[in-house]
Ligand code: FPP
(Lines give C-alpha, C1' and ligand atoms only; values in the text may rest on other atoms or scores of the structure.)
Protein backbone atom coordinates (compact mmCIF):
# COMPACT_ATOMS: atom_id res chain seq x y z
CA UNK A 1 0.00 0.00 0.00
CA UNK A 2 1.35 3.42 -0.94
CA UNK A 3 1.82 5.82 1.96
CA UNK A 4 -0.12 8.54 0.19
CA UNK A 5 -3.24 8.18 -1.91
CA UNK A 6 -2.67 8.75 -5.61
CA UNK A 7 -3.13 12.52 -6.27
CA UNK A 8 -4.07 11.80 -9.88
CA UNK A 9 -7.33 10.47 -8.53
CA UNK A 10 -8.32 13.85 -7.07
CA UNK A 11 -10.90 16.12 -8.72
CA UNK A 12 -14.16 14.37 -9.62
CA UNK A 13 -12.41 11.17 -8.69
CA UNK A 14 -13.90 8.03 -7.27
CA UNK A 15 -12.69 6.92 -3.87
CA UNK A 16 -11.06 3.51 -4.07
CA UNK A 17 -11.32 2.88 -0.35
CA UNK A 18 -14.24 4.14 1.74
CA UNK A 19 -14.61 3.56 5.47
CA UNK A 20 -17.70 4.21 7.55
CA UNK A 21 -18.26 4.74 11.26
CA UNK A 22 -21.82 3.47 11.41
CA UNK A 23 -23.32 5.57 14.20
CA UNK A 24 -26.85 6.34 15.32
CA UNK A 25 -28.56 2.95 15.58
CA UNK A 26 -29.58 3.60 19.17
CA UNK A 27 -30.99 7.05 18.41
CA UNK A 28 -32.88 5.67 15.42
CA UNK A 29 -34.54 3.13 17.71
CA UNK A 30 -35.16 5.63 20.50
CA UNK A 31 -36.95 8.01 18.15
CA UNK A 32 -39.36 5.17 17.40
CA UNK A 33 -39.65 4.02 21.02
CA UNK A 34 -38.08 0.72 20.01
CA UNK A 35 -35.37 -1.25 21.84
CA UNK A 36 -31.79 -0.54 20.76
CA UNK A 37 -31.54 -3.94 19.08
CA UNK A 38 -34.19 -2.81 16.59
CA UNK A 39 -31.83 -0.01 15.58
CA UNK A 40 -28.95 -2.44 15.20
CA UNK A 41 -31.16 -4.74 13.09
CA UNK A 42 -31.95 -1.87 10.76
CA UNK A 43 -28.25 -1.07 10.86
CA UNK A 44 -27.53 -4.48 9.38
CA UNK A 45 -30.02 -3.79 6.58
CA UNK A 46 -28.11 -0.57 5.90
CA UNK A 47 -24.88 -2.59 5.77
CA UNK A 48 -26.37 -4.83 3.06
CA UNK A 49 -27.69 -1.86 1.04
CA UNK A 50 -24.55 0.20 1.29
CA UNK A 51 -22.18 -2.69 0.58
CA UNK A 52 -24.14 -3.41 -2.60
CA UNK A 53 -24.22 0.28 -3.58
CA UNK A 54 -20.48 0.62 -2.99
CA UNK A 55 -19.82 -2.25 -5.38
CA UNK A 56 -22.13 -0.70 -7.97
CA UNK A 57 -20.16 2.56 -7.69
CA UNK A 58 -16.92 0.69 -8.24
CA UNK A 59 -15.55 1.30 -4.74
CA UNK A 60 -12.79 -1.28 -4.36
CA UNK A 61 -12.76 -1.50 -0.59
CA UNK A 62 -15.47 -0.72 1.94
CA UNK A 63 -14.38 -0.85 5.57
CA UNK A 64 -17.10 -0.82 8.22
CA UNK A 65 -16.66 -0.22 11.96
CA UNK A 66 -18.99 -2.87 13.33
CA UNK A 67 -17.54 -3.41 16.82
CA UNK A 68 -14.87 -1.29 18.43
CA UNK A 69 -12.55 -2.45 21.17
CA UNK A 70 -14.46 -0.01 23.41
CA UNK A 71 -17.88 -1.51 22.60
CA UNK A 72 -17.32 -4.17 25.31
CA UNK A 73 -18.32 -1.41 27.74
CA UNK A 74 -21.92 -1.68 26.54
CA UNK A 75 -24.46 -3.70 28.56
CA UNK A 76 -23.90 -7.45 28.24
CA UNK A 77 -27.19 -8.07 26.46
CA UNK A 78 -26.43 -5.43 23.81
CA UNK A 79 -23.01 -6.98 23.17
CA UNK A 80 -24.72 -10.37 22.86
CA UNK A 81 -27.27 -8.92 20.43
CA UNK A 82 -24.51 -7.39 18.29
CA UNK A 83 -22.66 -10.73 18.18
CA UNK A 84 -25.92 -12.44 17.20
CA UNK A 85 -26.47 -9.96 14.38
CA UNK A 86 -22.93 -10.45 13.16
CA UNK A 87 -23.40 -14.23 13.19
CA UNK A 88 -26.64 -13.89 11.26
CA UNK A 89 -25.13 -11.40 8.81
CA UNK A 90 -22.23 -13.66 7.93
CA UNK A 91 -24.45 -16.74 7.56
CA UNK A 92 -27.01 -14.96 5.41
CA UNK A 93 -24.62 -12.83 3.37
CA UNK A 94 -21.86 -15.30 2.60
CA UNK A 95 -23.51 -16.79 -0.48
CA UNK A 96 -24.07 -13.32 -1.98
CA UNK A 97 -20.52 -12.19 -1.18
CA UNK A 98 -19.18 -15.35 -2.80
CA UNK A 99 -21.37 -15.07 -5.91
CA UNK A 100 -20.63 -11.34 -6.26
CA UNK A 101 -16.88 -12.02 -6.21
CA UNK A 102 -16.45 -10.07 -2.94
CA UNK A 103 -13.60 -10.86 -0.61
CA UNK A 104 -14.43 -10.60 3.08
CA UNK A 105 -11.72 -9.38 5.41
CA UNK A 106 -11.66 -8.56 9.10
CA UNK A 107 -9.46 -6.12 10.98
CA UNK A 108 -9.29 -6.23 14.75
CA UNK A 109 -8.77 -9.08 17.18
CA UNK A 110 -11.85 -11.26 16.80
CA UNK A 111 -10.05 -14.27 18.30
CA UNK A 112 -11.66 -13.35 21.64
CA UNK A 113 -15.18 -13.89 20.27
CA UNK A 114 -17.01 -17.15 20.99
CA UNK A 115 -15.36 -20.12 19.23
CA UNK A 116 -18.33 -20.77 16.92
CA UNK A 117 -18.29 -17.17 15.74
CA UNK A 118 -14.52 -17.24 15.23
CA UNK A 119 -14.95 -20.38 13.12
CA UNK A 120 -17.76 -18.82 11.12
CA UNK A 121 -15.66 -15.71 10.42
CA UNK A 122 -12.56 -17.76 9.57
CA UNK A 123 -14.57 -19.89 7.13
CA UNK A 124 -16.15 -16.86 5.47
CA UNK A 125 -12.73 -15.24 5.05
CA UNK A 126 -11.24 -18.46 3.65
CA UNK A 127 -14.17 -19.07 1.31
CA UNK A 128 -13.95 -15.60 -0.22
CA UNK A 129 -10.17 -15.18 -0.10
CA UNK A 130 -9.75 -15.79 -3.83
CA UNK A 131 -12.38 -13.22 -4.87
CA UNK A 132 -11.04 -10.12 -6.55
CA UNK A 133 -14.12 -8.05 -7.43
CA UNK A 134 -14.33 -5.91 -4.30
CA UNK A 135 -13.32 -6.19 -0.65
CA UNK A 136 -15.62 -5.81 2.33
CA UNK A 137 -13.61 -5.21 5.49
CA UNK A 138 -15.41 -5.51 8.80
CA UNK A 139 -13.68 -4.03 11.83
CA UNK A 140 -14.35 -6.28 14.82
CA UNK A 141 -12.95 -5.64 18.28
CA UNK A 142 -10.81 -3.11 16.43
CA UNK A 143 -8.97 -0.14 17.88
CA UNK A 144 -6.61 2.08 15.93
CA UNK A 145 -4.29 2.72 18.87
CA UNK A 146 -4.00 -1.01 19.62
CA UNK A 147 -3.19 -1.64 15.95
CA UNK A 148 -0.38 0.93 16.07
CA UNK A 149 0.93 -0.45 19.38
CA UNK A 150 0.95 -4.01 17.98
CA UNK A 151 2.84 -2.85 14.89
CA UNK A 152 5.36 -1.01 17.07
CA UNK A 153 5.86 -4.06 19.24
CA UNK A 154 6.55 -6.30 16.22
CA UNK A 155 9.12 -3.84 14.89
CA UNK A 156 10.71 -3.53 18.35
CA UNK A 157 11.03 -7.34 18.50
CA UNK A 158 12.83 -7.32 15.18
CA UNK A 159 15.17 -4.59 16.40
CA UNK A 160 15.83 -6.60 19.56
CA UNK A 161 16.51 -9.68 17.43
CA UNK A 162 19.11 -7.71 15.51
CA UNK A 163 17.34 -8.12 12.17
CA UNK A 164 16.12 -4.53 11.88
CA UNK A 165 17.94 -1.27 12.33
CA UNK A 166 15.91 1.55 13.96
CA UNK A 167 17.12 3.79 11.12
CA UNK A 168 15.33 1.57 8.62
CA UNK A 169 11.92 2.27 10.20
CA UNK A 170 9.99 4.70 8.05
CA UNK A 171 6.33 5.28 7.11
CA UNK A 172 6.31 2.56 4.49
CA UNK A 173 7.92 -0.05 6.72
CA UNK A 174 5.59 0.80 9.59
CA UNK A 175 2.57 0.60 7.34
CA UNK A 176 3.49 -2.92 6.32
CA UNK A 177 2.82 -3.99 9.92
CA UNK A 178 -0.76 -2.68 9.90
CA UNK A 179 -3.71 -4.96 9.24
CA UNK A 180 -4.61 -2.85 6.22
CA UNK A 181 -1.14 -3.22 4.68
CA UNK A 182 -2.39 -4.75 1.45
CA UNK A 183 -5.42 -2.50 0.94
CA UNK A 184 -5.49 0.69 -1.11
CA UNK A 185 -5.01 3.92 0.89
CA UNK A 186 -8.09 5.19 2.67
CA UNK A 187 -9.66 7.93 0.54
CA UNK A 188 -12.91 8.76 2.31
CA UNK A 189 -13.97 8.30 5.92
CA UNK A 190 -17.65 8.86 6.65
CA UNK A 191 -19.29 9.09 10.07
CA UNK A 192 -23.04 9.11 10.35
CA UNK A 193 -25.36 10.59 12.99
CA UNK A 194 -23.78 14.03 13.33
CA UNK A 195 -20.94 13.04 15.70
CA UNK A 196 -17.57 14.41 14.64
CA UNK A 197 -14.97 12.07 16.08
CA UNK A 198 -12.73 9.27 14.83
CA UNK A 199 -13.39 7.12 17.91
CA UNK A 200 -10.15 5.18 17.51
CA UNK A 201 -10.96 4.07 13.94
CA UNK A 202 -8.19 3.76 11.33
CA UNK A 203 -6.05 6.42 13.03
CA UNK A 204 -2.94 5.88 10.92
CA UNK A 205 -4.88 5.24 7.72
CA UNK A 206 -6.95 8.43 8.07
CA UNK A 207 -3.87 10.64 7.80
CA UNK A 208 -4.79 11.88 4.31
CA UNK A 209 -8.37 10.66 4.03
CA UNK A 210 -11.18 13.08 3.33
CA UNK A 211 -13.47 13.19 6.36
CA UNK A 212 -17.21 13.49 5.93
CA UNK A 213 -19.63 13.85 8.81
CA UNK A 214 -23.29 13.47 7.90
CA UNK A 215 -26.36 13.90 10.10
CA UNK A 216 -28.15 10.83 8.74
CA UNK A 217 -28.53 8.08 11.32
CA UNK A 218 -26.89 4.86 10.13
CA UNK A 219 -30.15 2.85 9.69
CA UNK A 220 -31.34 5.57 7.29
CA UNK A 221 -28.12 5.63 5.25
CA UNK A 222 -28.67 4.17 1.80
CA UNK A 223 -27.32 4.02 -1.73
CA UNK A 224 -28.29 7.63 -2.36
CA UNK A 225 -26.49 8.76 0.79
CA UNK A 226 -23.39 6.95 -0.43
CA UNK A 227 -23.71 8.48 -3.89
CA UNK A 228 -23.93 11.95 -2.28
CA UNK A 229 -20.84 11.21 -0.18
CA UNK A 230 -18.91 10.09 -3.25
CA UNK A 231 -19.97 13.22 -5.09
CA UNK A 232 -18.77 15.39 -2.20
CA UNK A 233 -15.47 13.51 -2.25
CA UNK A 234 -15.12 14.23 -5.97
CA UNK A 235 -15.45 17.97 -5.31
CA UNK A 236 -12.81 18.05 -2.59
CA UNK A 237 -9.34 19.32 -3.46
CA UNK A 238 -6.80 16.83 -2.19
CA UNK A 239 -3.35 18.33 -1.85
CA UNK A 240 -1.56 15.77 0.33
CA UNK A 241 0.53 18.49 1.93
CA UNK A 242 1.39 20.17 -1.38
CA UNK A 243 -0.12 23.34 -2.82
C1 FPP B 1 -23.40 2.65 16.56
O2 FPP B 1 -24.69 2.98 16.92
C3 FPP B 1 -23.34 1.33 16.02
C4 FPP B 1 -22.63 0.29 16.56
C5 FPP B 1 -21.84 0.39 17.78
C6 FPP B 1 -22.63 -1.02 15.96
C7 FPP B 1 -22.72 -1.06 14.47
C8 FPP B 1 -23.26 -2.36 14.15
C9 FPP B 1 -24.14 -2.64 13.16
C10 FPP B 1 -24.57 -1.69 12.15
C11 FPP B 1 -24.72 -3.98 13.08
C12 FPP B 1 -23.75 -5.12 12.97
C13 FPP B 1 -22.85 -4.99 11.80
C14 FPP B 1 -22.60 -5.95 10.92
C15 FPP B 1 -21.55 -5.76 9.87
C16 FPP B 1 -23.35 -7.21 10.90
P17 FPP B 1 -24.98 3.33 18.43
O18 FPP B 1 -25.58 2.13 19.07
O19 FPP B 1 -23.76 3.86 19.08
O20 FPP B 1 -26.05 4.46 18.24
P21 FPP B 1 -26.32 5.70 19.22
O22 FPP B 1 -25.05 6.50 19.27
O23 FPP B 1 -27.44 6.40 18.54
O24 FPP B 1 -26.71 5.11 20.55
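For the reader, a short list of remarks on this structure follows.
- Residue count, the range 60-70 (criterion: more than 13 Å from the chain's Cα centre (by Cα) and either crowded, with 17+ Cβ neighbours inside 10 Å or free of Cβ contacts under 8 Å to residues at least 60 places away in the same chain (or both)): 1
- Selected residue (only one of 224, 210 is under 19 Å from residue 50 (Cα atoms) and surrounded by fewer than 12 Cβ atoms within 10 Å (Cβ to Cβ)): 224
- Helices (runs of 4 or more DSSP H) contained entirely in the range 60-169, each with at least 3 residues that are within 12 Å of the ligand (Cβ to nearest atom): 76-99, 115-128
- Residue check for residue 203: modelled with pLDDT of 95 or more, farther than 24 Å from residue 40 by Cα, within 17 Å of the chain's Cα centre (by Cα) and assigned to a loop (DSSP other than H, G, I, E, B): yes
- Qualifying positions in the range 6-56 - more than 17 Å from the chain's Cα centre (by Cα) and either within 15 Å of residue 229 (Cβ to Cβ) or modelled with pLDDT under 95 (or both): 6, 7, 8, 9, 10, 11, 12, 13, 14, 56
- Per the listing 237, 196, the residue uniquely touching a strand residue (DSSP E or B) at 6+ places or on another chain (Cβ under 6 Å), part of a loop (DSSP other than H, G, I, E, B) and surrounded by fewer than 16 Cβ atoms within 10 Å (Cβ to Cβ) is 196.
- Unique match (being in contact with a helix residue (DSSP H, G or I) (Cβ under 8 Å, 6 or more places away or on another chain) and touching a residue at least 24 places away in the same chain (Cβ under 8 Å)) among 210, 195: 210
- Boolean, residue 101 is touching a helix residue (DSSP H, G or I) at 6+ places or on another chain (Cβ under 7 Å) and surrounded by 13 or more Cβ atoms within 10 Å (Cβ to Cβ): no
- If the condition is being assigned to a loop (DSSP other than H, G, I, E, B) and out of contact with any strand residue (DSSP E or B) (no Cβ under 6 Å at 6 or more places or on another chain), then the range 43-59 contributes 57, 58.
The values are calculated or read from the model by the stated rules, or taken from the named source; none is laboratory data. Quick caveat: nothing in here was measured; it's all calculated off a predicted structure. For neighbour counting, all protein chains shown are included, and Cβ atoms are generated from backbone atoms with ideal geometry for every residue, glycine included.
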